[in-house]
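Undergrad: Dropping a structure here in C-alpha cells format, bear with me for questions.
Bear in mind that the values in this text are calculations on the coordinates, not laboratory data. The structure displayed is predicted, hence computed values, not measured ones. Cβ placement follows ideal geometry from the backbone for every residue including glycine, while neighbour counts extend to all protein chains displayed.
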C-alpha cells in the first residue's frame, strides 16, 4: 500500500495570510502536486492542526480544497483545532464511544490507529485514561503490526520550545502501549513542523514540515521567548508499505529546481 502524509495545514478563516504565506493556497498546491505525481496513492492522512484557530470557515475551506482528492482522507485534530466543528464539516469522521476522534483502518499489512490528543484551550497534548483504554483495546484485538497516527509526540524531540507543548502527561499513553511496543512499527505525528525521524524505545517515528510555516531548528530556544519560526519549504511524505518494510520519501512539492539526468 502507498499513502500520502501531510501535516499542520493551519487554514485560516477568510483565506488570509499566516506568517507571510497563504495556508489555503499552500494546501491546494500540495493537493495538486500529489494528485499529479502520486496518482496511485491509496489514502491521504493529515495529522492535525488542520486549521489555525478552529473556525468554521477554515474547515469549510479545508473541505473545499480536499474535495478534489479522489482517495480516502483520514484526519485527526491538533491543538489548534476545534473537535466539534471538525465533526460538523466532516460528518463521516469516526469517533470512539466517548466522542474522541479515534478510529482504525486497515493499511495493507498494517493496522493504522488514529489518535486524538486535542484538549480545548491548551497548546500541549493530552491523552486521558478514556483515550488510553480505547487504544489498549485496539492493540489487544489487532492481528497485524500497527502504525500510530497522532498530532503530539509522546517523547521529547530536543527542541525545547516544542517539547514544552508536546504530550504533557504520558502515563495513560504509556500504560496503553505497554507490552505492545514491538508491534508498533511506525509512529507518525505532526505539531513540530520539522523533518525528524528516529526511534524511541524501539518504536520508529517520523514527522515532517507543515504545508504553511515551519519551526526553526533552534534546539535550545527558550520557550518563554516564543517558538522560533522560519519559512522553509513545505513538504509531504510518500509512504510505501510492504509486509517487512515501511519506506518513507519526502517531497518538497514547491521545489522548481531544474531536473536533469546524471551520467556515470
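Undergrad: Take every DSSP beta bridge with both residues inside region 131-264 and express the antiparallel ones as a percent of the total, to the nearest 5. Walk me through the intermediate numbers first.
TA: Values: 14 of 21 bridges.
DSSP beta bridges in region 131-264 are roughly 65 percent antiparallel.
Undergrad: Expressed in nm to one decimal, what extension gain is obtained for the pair residue 129 and residue 243 from 0.36 nm per residue of sequence separation less their Cα-Cα distance? Write down the numbers at each step before the final one.
TA: Values: separation 114, 0.36 × 114 = 41.04 nm, distance 3.18 nm.
Value of the extension gain: 37.9 nm.
Undergrad: Once you keep just the Cα pairs under 8 angstrom separated by 6 or more residues, what percentage relative contact order results for region 98-159? It would help to have the intermediate numbers written out before the result.
TA: Details: 68 pairs, mean separation 23.2, N = 62.
Reported as a whole number, the value is 37 percent.
Undergrad: For region 198-264 and region 11-30, compute the distance between their C-alpha centroids and round to whole Å.
TA: Spelled out, the Cα-based centre of one part sits 19 Å from the other.
Undergrad: Once fully extended, how much extra length lies between residue 13 and residue 35, figured as 0.36 nm per residue of separation less the alpha-carbon to alpha-carbon distance? Please list the in-between numbers first.
TA: On the way: separation 22, 0.36 × 22 = 7.92 nm, distance 2.51 nm.
Residue separation times 0.36 nm, minus the Cα-Cα distance, leaves 5.4 nm.
Undergrad: Taking neighbour Cβ counts within 10 Å as the exposure measure, how do 44, 50 sort from fewest upward? The partial results should precede the final answer.
TA: Numbers: 44 23, 50 31.
Final ranking by Cβ density, sparse to dense: 44, 50.
Undergrad: Taking 7 Å along the Cα-to-C-beta vector as the label spot, tell me the residue 200-residue 263 distance in nanometres, rounded to one decimal.
TA: With each label point 7 Å from Cα toward Cβ, the separation is 4.9 nm.
Undergrad: Taking square-rooted eigenvalues a ≥ b ≥ c of the alpha carbon gyration tensor, is region 2-251 rounded, prolate or oblate, where a/c under 1.5 means rounded and, failing that, a/b exceeding b/c means prolate? Working shown, then result.
TA: Working: a/c = 1.32, a/b = 1.16, b/c = 1.14.
Note, shape of region 2-251 comes out rounded.
Undergrad: Among DSSP bridges having both ends in the chain, what percentage is antiparallel? Round to the nearest 5.
TA: On the way: 24 of 44 bridges.
Close to 55 percent.
Undergrad: Mind ranking 230-241, 6-17 by how tightly packed they are, going by the mean number of other C-beta atoms within 10 angstrom, highest first? Intermediate values should be presented prior to the final figure.
TA: Details: 230-241: 18.7, 6-17: 20.6.
Result, highest mean first: 6-17, 230-241.
Undergrad: Which distance in Å, rounded to a whole number, links the C-alpha centroids of region 84-148 and region 37-79?
TA: Taking the Cα centre of region 37-79 as reference, the centre of region 84-148 is 16 Å away.
Undergrad: Just order 247-254, 92-99, 207-214, 20-27 by mean Cβ neighbour count inside 10 Å, highest at the front, would you?
TA: Values: 247-254: 14.8, 92-99: 12.5, 207-214: 25.5, 20-27: 18.9.
In decreasing order of mean packing, 247-254, 92-99, 207-214, 20-27 become 207-214, 20-27, 247-254, 92-99.
Undergrad: Based on the Cβ-Cβ distance of residue 137 and residue 220, what FRET efficiency does E = 1/(1 + (r/R0)^6) give at R0 = 41 Å, to the nearest 0.05?
TA: Numbers: r = 40 Å, r/R0 = 0.98.
In this case the efficiency is close to 0.55.
Undergrad: Neighbour counts of other C-beta atoms within 10 Å: give me 182, 142 arranged from fewest to most.
TA: Numbers: 182 10, 142 16.
With the fewest neighbours first, 182, 142 line up as 182, 142.
Undergrad: Only counting other Cβ atoms within 10 Å, I'd like 259, 168 sorted with the fewest neighbours first. Kindly include the intermediate steps, with their values, before the conclusion.
TA: On the way: 259 6, 168 15.
With the fewest neighbours first, 259, 168 line up as 259, 168.
Undergrad: Find the relative contact order for region 28-135 and round it to a whole percent, using C-alpha pairs within less than 8 Å whose residues are 6+ positions apart.
TA: Values: 140 pairs, mean separation 24.4, N = 108.
With pairs under 8 Å counted, the relative contact order is 23 percent.
Undergrad: Still on this structure: For region 11-59, what relative contact order do you get, as a whole percent, if you take Cα pairs closer than 8 Å and at least 6 residues apart?
TA: Across region 11-59, relative contact order equals 57 percent.
Undergrad: Go ahead and estimate [θ] at 222 nm for the chain from helices alone: -39,500 (n - 2.57) per DSSP H run with n ≥ 4, summed, over the residue count, rounded to 500.
TA: Values: 6 runs with 57 residues, N = 264.
The helix-only estimate for the chain comes to -6000 deg cm²/dmol at 222 nm.
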